[in-house]
1. Can you list residue pairs whose Cβ atoms sit under 7 Å apart, with the first residue in region 17-29 being surrounded by 10 or more Cβ atoms within 10 Å (Cβ to Cβ) and the second being at pLDDT below 95 and assigned to a helix (DSSP H, G or I)? Count only pairs 6 or more apart in sequence or on different chains.
2. Quick one: how many residues across region 32-53 are farther than 17 Å from M1 by Cβ, among the small types (G, A, S) and surrounded by 15 or more Cβ atoms within 10 Å (Cβ to Cβ)?
Amino acid sequence: MVALGLLLTFLGFLISFLSVALTSSMTGRLVITLIGLAISLFGVIGVLNRAYLKNAIWKR
């Protein structure tokens, strides 16, 4: 689960970073960057947070 979260976060960053090479229009770059940011946020908040809350210290 943690590996999936890290993979999604890195993939979102990579999509945002590569938006410069994928298109030359500003609107296209903005849309691709926002998609990359959404994927990264889902990886961090949706997947990584759940994985760490499953094994939280206060639940022992």
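1. Partner pairs satisfying both residue conditions: R29/S19; R29/V20.
2. 1
The values are calculated or read from the model by the stated rules, or taken from the named source; none is laboratory data. If you're wondering where the values come from, they're calculated on a predicted model, not measured in any experiment. Ideal geometry is used to build each Cβ from the backbone, glycine not excepted, and the neighbour counts take in all protein chains shown.
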